[in-house]
Structure formats: C-alpha cells, structure tokens
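Below is one structure; the comments refer to it alone.
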Ligand SMILES: Nc1ncnc2c1ncn2[C@@H]1O[C@H](COP(=O)(O)OP(=O)(O)OP(=O)(O)O)[C@@H](O)[C@H]1O
Ligand SMILES: [Mg+2]
C-alpha cells in the first residue's frame, strides 16, 4: 500500500483534570481516500481534527500529516491542508469572490492565479451567480459552500471537513458530496466528520468509529457491517424490562445489546443468524421476558454504530446521529 498521508500514534489530549478527549488514539489514513470519523457527541472527533490541522497541540503521541510532524513542522503541514466546517474564517462584509481570492493570496498564489483559481472553484461549487454579493446576504447553505470554496482555492493535499453538511438542505448536500468526490478524484485526501450515517455510508471509503477518545473500530463500511456479524437482531421488549433483558442477553453475544430509542427495540449483532435468535429467545424466556416483536435483518451503518458504541447509553436522550429521513432520497438515489 502507498505511504499513509496521515498517521496518528498514541495521541492523548486532556482538557483540565477530568476530560480525556483523546485517550491513546492511533490510526492511519491512506492517500486519496475519503475518510469518515464517526462517534457520539463528545467522542473526540473535532479534537482530533484540530490536532491534525495544527490548531491544538496533543499532550502525548505523534501525528504526521502529508509527511510532516504537526508539532515540529506545523508551517509545512498548514501549507498542505485545508480546514472547513466549524471554524469558518469568512468575512461577511466581503463578497464570495473577494473572500476566496483573499484566501488564495494567503496560500501564496499570485494575484492573477488567485483570480482564475477562484473563478474555477466558485463555478464548481455552484456559487458563480452570487460571487459578487456580500457573504452576509448568503443563506446558510451558501455560507457552507463559500467556506469550502475558500479551503479549495489553495489546492490542499489534505482537506479536513468537520460536519461539512450539517444544516445544508438535502439537494445541496448531494451537490457537496459530488464536489467532495471530485476532489478525491483530483488527488486530495478528505477527512470528514459527520452526524449523518447515511453520508458516511455514501461518501466514505473508510470509517473510524471513535468512542470516548479511543478507536472503536476501523475499516471500509462493508467491513464494519460484516463485523457486526452479517445480521442484526431486533427485539421489542416492554420498557420496564429493558435492563433485565440486556442482562439476560449478556452471554448470548460478545457485544451487549443496546437500546435503540428510535426503533423502540433492543438491538444486538446476530453473528450466527437464526441460531443467535433462538438462543436470545431462550435466554429471555428463562428471565420470564416475552418480546412483543422480533426481527432479523442485514446491518445498516446505524446498527454498526449502535452495536459498536452503544451510543444511546452514552449520550443521553435523543439519537446521536439523525438518519436523514426527511430527504426523501435514500440509498441508490445519490446520483441524481
Ligand atoms: N476547549 C475545550 N475545553 C474543555 N473541554 C473540551 C474542549 N474541547 C473539547 N472538550 C471536551 O473534549 C471532549 C471531546 O470533544 P469533541 O469536541 O472533540 O467531540 P466531538 O466528537 O467533536 O463531538 P460532537 O459530535 O458533539 O461534535 C468532550 O468531552 C468535550 O467536552
Ligand atoms: Mg465535533
């Protein structure tokens, strides 16, 4: 395999005395891929991105980006990366074109190159028609895009996107996906975090699931799904018996059952398919618990996330990751 473009080795980051945002995290990212960082709120994803982008020093561990150590050669790293998302540095009083050209100049482009490159990027990102309006008149989705345009103008070798499509309407989200894919076609490596599992599933070649500052699991989306065991068992159990049910199922699978609030069911990997199902029902029966509904299905990335992180237990109310159920556009329809 090619030399990885990013290596993270044993990284620790503490905030104050109590918070270990990253707790000995290691991973490598190959060049030319879209790499997804997933994990519940507070898992450490943004902290990792900030360390990779030289904005935050790690307390321990070694991080290399594009061949340079982020601590010793921060300047060299900065010259080769772009960062979009939660840290937009866009001036609202300037136009989209002015903002993008300015960033191009900061990247060391000549005035003329900055101008032509800006035109190309704005065209590609679908903002050429509003290029000469001040950014303060832009909609939220346009702002996201101008932020991304500013990152792209310098042709970064590695692009970091922290939740690039949060708050972007479904149609624009799909355009952004296309754009991100194009970039990778042009040789850029993209590292992104997302709240949308559907996005990771469509976009990312590889995914790292981060949980409490550690690497939970890593691989291609298919590998992660396979690791969930090929099938997922869903058991609807009366509310008052959840704890008892999880306890009684503990010996059935290596990964404990998780409660998925949205589906109103306990979810667990059914490594042995129907055999797991039978064993689970027997265990529940012994505990005098009768499920109101039972289902066995192929794992989605949602299931992977749930079974790998038990996310519902660690993040409190609500679902950590909203499936984009409101888009009306699902699997197979992204190439519209
Ligand atoms: N500047 C800071 N000061 C104190 N604690 C921090 C700071 N930044 C992050 N943390 C803590 O570090 C942990 C990891 O936060 P981080 O922002 O990296 O999570 P995340 O995975 O990006 O979450 P989200 O999905 O909500 O964006 C959290 O417990 C958070 O409260
Ligand atoms: Mg974050």
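Read-outs throughout are calculated quantities, based only on the coordinates presented, and are distinct from any laboratory measurement. All values reported here derive from a predicted model rather than from experimental measurement. No Cβ is skipped: glycine too gets one built from the backbone with ideal geometry, and neighbour counts run over all protein chains shown.
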Between 248, 300, 139, which gets the highest mean-square fluctuation from a Gaussian network model of the chain, Cα cutoff 10 Å? 139
Helix 170-185 against the longest principal axis of the chain: what's the angle in degrees, Cα atoms only, rounded to the nearest 10? 70 degrees
Using alpha carbon centroids, what distance separates the stretch 102-136 and the stretch 187-216, in Å? 28 Å
Obtain the nm distance between the two label points defined at residue 169 and residue 69 by a simple spin-label model: each point lies 7 Å from its Cα along the Cα-to-C-beta direction. 5.0 nm
Distance from the stretch 42-74 to the stretch 239-266 (C-alpha centre basis), Å: 37 Å
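Please report the antiparallel percentage of DSSP beta bridges with both residues in the chain, rounded to the nearest 5. Please report the intermediate quantities before stating the final value.
Details: 35 of 52 bridges.
Beta bridges within the chain, antiparallel portion: roughly 65 percent.
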The exposure ranking of 182, 272, 302, fewest beta-carbon neighbours within 10 Å first, is 182, 272, 302
So the compactness index of the stretch 76-185, its C-alpha Rg divided by 2.2 N^0.38 Å, takes the value 0.97
Take the Cα atoms of the chain, find their three principal axes, and give me the spread along each one in whole Å, biggest first. 76, 44, 39
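Based only on other Cβ atoms within 10 Å, what is the fewest-to-most ordering of 183, 56? List each step's numbers first, then the result.
Details: 183 22, 56 16.
Lowest to highest Cβ neighbour count: 56, 183.
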Of the residues 295, 187, 44, which exhibits the maximal mean-square fluctuation in a Gaussian network model of the chain defined by a 10 Å Cα contact cut-off? 295
Using a Gaussian network model on the chain with a 10 Å cutoff between Cα atoms, which of 228, 46, 120 fluctuates the most? 120
Between residue 250 and residue 124, what is the label-to-label distance in nm when each label sits 7 Å out along the Cα-to-Cβ direction? 5.4 nm
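Go ahead and run the numbers for FRET between residue 261 and residue 285, Cβ-Cβ distance against an R0 of 22 Å, rounding to 0.05. The partial results should precede the final answer.
Working: r = 25 Å, r/R0 = 1.14.
Efficiency, rounded to the nearest 0.05: 0.30.
Neighbour counts of other C-beta atoms within 10 Å: give me 15, 160, 68 arranged from fewest to most. The partial results should precede the final answer.
Values: 15 12, 160 28, 68 18.
Ascending number of Cβ neighbours within 10 Å: 15, 68, 160.
Stretched out fully, how many nm does the piece from residue 76 to residue 296 gain, at 0.36 nm a residue minus the Cα gap? Write out the running numbers ahead of the final one.
On the way: separation 220, 0.36 × 220 = 79.20 nm, distance 5.10 nm.
Separation in residues times 0.36 nm, less the Cα-Cα distance, equals 74.1 nm.
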Which angle from 0 to 90°, rounded to the nearest 10, does the C-alpha axis of helix 140-152 make with the longest principal axis of the chain? 60 degrees
